[in-house]
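Chemist: The structure that follows is given in the form of structure tokens.
The values are calculated or read from the model by the stated rules, or taken from the named source; none is laboratory data. Since this is a predicted model, take the numbers as computed values, not measurements. Cβ atoms come from the backbone with ideal geometry, glycine included; neighbour counts cover every protein chain shown. Quick note on the areas: whole protein, heavy atoms, side chains included, nothing else; ligands and nucleic acids left out. Shrake-Rupley method; radii C 1.70, N 1.55, O 1.52, S 1.80 Å.
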Amino acid sequence: MAGATHAAETPETLLSTTMSIAIAIAMNVRVREAVMNFKQRQGQQQLRQNIDLSDDAQNDKFKRILGEMVAKQQQYTNNKNRIEYFQLRQNTTTTAVAIRSHATEAAFQNFHGINPYLHDVVECLDNDVKVGASRLTEYLAKHHSEAFIDAANESKGVAVCGVLDAEQSAALYTEADLTDQQWNTIMRHLRHKFNASVAVSLLETKRRCYEGYTAPRVKVIYHREGEKEEEKIVAEYQDIKAEFKKAVEVLLRVKQVGKRKRVKRIRLVIGGDHGQGAFRLGFRVLIDTESDEGEKEVLHKTINIATVHCKKEVGAILESTVIDWVTEDLKYINENRLHLLNVNRRVVTCFESDLGTMHQEEDNLIDPMVIEQFMAGDLAWESFCLGKEAAASSWCIYCKLSPSAWSAPGQ
């Protein structure tokens with residue numbers, strides 16, 4: 001081009017120019033990265049400062065943002081239950097599992113059938129699924145033993161009974177007429193077979209035997225409700241008369257109440273409720289005492305006397321198992337006053353009909369007492385005892401007036 005002059009470009013000049021351009025580009029990239037990092041840190045700091053999770057509105061906003069981010073990740077990973085996030089301090093990626101709370105068992109089964117999040121929980125506990133399952137079951141067996149046993153019993157091909165308590169061990173020891181050596185031999189073989197303890201110690205077993213074990217009555221029935229599968233019902237009941245007498249004796253001996261005049265009143269409160277796969281019936285004995293100085297004290301002891309293993313509290317099941325036994329014993333207690341005797345300086349109780357078996361010439365017979373009986377429990381138990389099972393709570397239990405009648409103004 002006319003009027004323009006150019007210096008000849010030598011290889012050294014061309015190399016120098018290229019290096020200058022490269023350095024400028026690199027510096028520009030570093031500057032942009034530094035700016036972006038600064039903005040990111042500033043944004044995180046601003047986010048921490050601006051969001052106040054103690055404020056309900058901002059907390060809801062944070063939840064919505066978090067929900068959108070989780071949904072975006074689940075859409076990318078195609079996993080509806082697992083969520084991965086990065087922990088800055090630990091410099092590691094952590095996996096969380098989304099778990100919902102369900103109001104009913106049916107709702108849980110329906111949702112879990114589509115989104116089996118418990119499967120993800122097991123996999124997240126360890127890369128080896130067997131190890132993860134073992135960790136979860138060990139935790140449940142240790143911290144939720146009753147629920148764990150119930151679930152195991154309902155599964156196919158598995159029977160779990162737990163450890164025999166003192167009463168059950170005492171029943172086995174006495175009814176089988178075992179010696180100490182035979183007991184220890186049997187327990188050793190069972191421990192080896194199940195790789196776990198199967199009963200309480202021999203010392204606890206014999207201690208329970210010496211206290212006077214009341215052998216339970218056992219009844220097995222099969223119950224069907226509607227079109228559901230037939231259910232096997234196992235019921236155990238211990239004589240309430242015997243357990244009540246022992247409870248009174250223990251309380252008076254422990255508190256060293258040896259004078260009849262100190263005992264002012266004895267009450268028997270019985271009640272039942274269903275929970276954890278069984279209906280349990282128990283009673284509480286209350287003894288009102290007064291010292292020579294006028295100090296009053298109520299002694300009490302609670303004892304379980306019946307267990308009916310069933311999925312649901314149904315009146316027909318109770319009537320077919322333990323109710324007749326309970327009714328007979330309560331009627332006996334109501335018709336026979338309780339005598340408190342001093343035998344060899346020990347308090348012994350006895351109902352009137354059993355006095356003929358006592359050596360009265362050696363005993364100091366004390367004035368008998370009438371046992372006051374009370375019922376306690378929820379509305380379902382009270383309605384069952386009154387013969388009004390499944391009655392609506394708005395109806396009066398003493399009359400046949402409708403709710404509109406007894407709740408009308410002026411009534």
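Chemist: Kindly list the number of the only condition in (1) part of a loop (DSSP other than H, G, I, E, B); (2) under 30 Å from Asp150 (Cβ atoms) that fails for Glu293.
Modeler: (2)
Chemist: Now, a different point. Kindly evaluate Phe384 against the criterion of being among the aromatic types (Phe, Trp, Tyr), closer than 29 Å to Asp273 by Cβ, modelled with pLDDT of 80 or more and open to solvent by 60 Å² or more (accessible area, probe 1.4 Å). Show your work before the answer.
Modeler: Numbers: among the aromatic types (Phe, Trp, Tyr): yes; closer than 29 Å to Asp273 by Cβ: yes; modelled with pLDDT of 80 or more: yes; open to solvent by 60 Å² or more (accessible area, probe 1.4 Å): no.
Answer is no for this residue.
Chemist: So which of Val322, Val254, Val248 ends up being modelled with pLDDT under 90 and open to solvent by less than 10 Å² (accessible area, probe 1.4 Å)?
Modeler: Details: Val322 fails: modelled with pLDDT under 90; Val254 fails: open to solvent by less than 10 Å² (accessible area, probe 1.4 Å).
The conditions single out Val248.
Chemist: State all residues of region 395-406 that are among the hydroxyl-bearing types (Ser, Thr, Tyr), part of a loop (DSSP other than H, G, I, E, B) and open to solvent by 50 Å² or more (accessible area, probe 1.4 Å); if no residue qualifies, say none. Spell out how you get there, then give the answer.
Modeler: Of the residues in region 395-406, the ones among the hydroxyl-bearing types (Ser, Thr, Tyr) are 398, 402, 404.
Remaining after also requiring part of a loop (DSSP other than H, G, I, E, B): 398, 402.
Hit for region 395-406 is Tyr398, nothing else.
Chemist: If you don't mind, there's one more thing I want to ask. Within region 356-379, can you find the residues that are at pLDDT 65 or above and either closer than 24 Å to Asp239 by Cβ or of a type in the set (Ser, Thr, Tyr) (or both)?
Modeler: Step one: of region 356-379, the residues at pLDDT 65 or above are 367-379.
Matches in region 356-379: Pro368, Met369, Val370, Ile371, Glu372, Gln373, Phe374, Met375, Ala376, Gly377.
Chemist: If the requirement is being modelled with pLDDT under 75 and either under 30 Å from Val163 (Cα atoms) or not aliphatic (A, V, I, L, M) (or both), which of these qualifies: Gln90, Gln58?
Modeler: On the way: Gln58 fails: modelled with pLDDT under 75.
Criteria check complete, one pass: Gln90.
To keep it simple, each residue is scored yes or no on (1) of a type in the set (A, V, I, L, M, F, W, C); (2) at pLDDT below 80.
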{"position": "Thr94", "(1), (2)": "no, yes"}
{"position": "Ala98", "(1), (2)": "yes, yes"}
{"position": "Thr104", "(1), (2)": "no, no"}
{"position": "Asp128", "(1), (2)": "no, no"}
{"position": "Ala141", "(1), (2)": "yes, yes"}
{"position": "Phe148", "(1), (2)": "yes, yes"}
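Chemist: Restricting to region 216-241, name every residue that is without any contact (Cβ under 8 Å) to a residue 60 or more places away in the chain and surrounded by fewer than 16 Cβ atoms within 10 Å (Cβ to Cβ).
Modeler: Val218, Val220, Tyr222, Arg224, Gly226, Glu227, Lys228, Glu229, Glu230, Lys232
Chemist: Return the pair list, or none, for Cβ contacts closer than 8 Å from residues in region 170-183 that are under 12 Å from Ser201 (Cα atoms) and open to solvent by 30 Å² or more (accessible area, probe 1.4 Å) to residues that are aliphatic (A, V, I, L, M) and assigned to a helix (DSSP H, G or I), at least 6 apart or on different chains.
Modeler: Asp180/Leu202
Chemist: From Asn110, Asn78, Asn91, Asn127, grab the single residue that is open to solvent by 70 Å² or more (accessible area, probe 1.4 Å) and either among the hydrophobic types (A, V, I, L, M, F, W, C) or closer than 29 Å to Gln276 by Cα (or both). Reasoning before the result, please.
Modeler: Numbers: Asn78 fails: either among the hydrophobic types (A, V, I, L, M, F, W, C) or closer than 29 Å to Gln276 by Cα (or both); Asn91 fails: either among the hydrophobic types (A, V, I, L, M, F, W, C) or closer than 29 Å to Gln276 by Cα (or both); Asn127 fails: either among the hydrophobic types (A, V, I, L, M, F, W, C) or closer than 29 Å to Gln276 by Cα (or both).
Only one candidate qualifies: Asn110.
Chemist: What pairs can you find where one residue is in region 311-330 and under 17 Å from Ala380 (Cβ atoms), the other is polar (S, T, N, Q) and not in a helix (DSSP H, G or I), and their Cβ atoms are less than 9 Å apart, with a gap of 6+ or different chains?
Modeler: Val322/Thr307
Chemist: Let me ask you something else. Name the single residue that is nearest to the chain's Cα centre (by Cα) among those in region 253-289 being within 27 Å of Leu386 (Cα to Cα) and of a type in the set (Gly, Ala, Ser).
Modeler: For region 253-289, the residue satisfying everything is Gly275.
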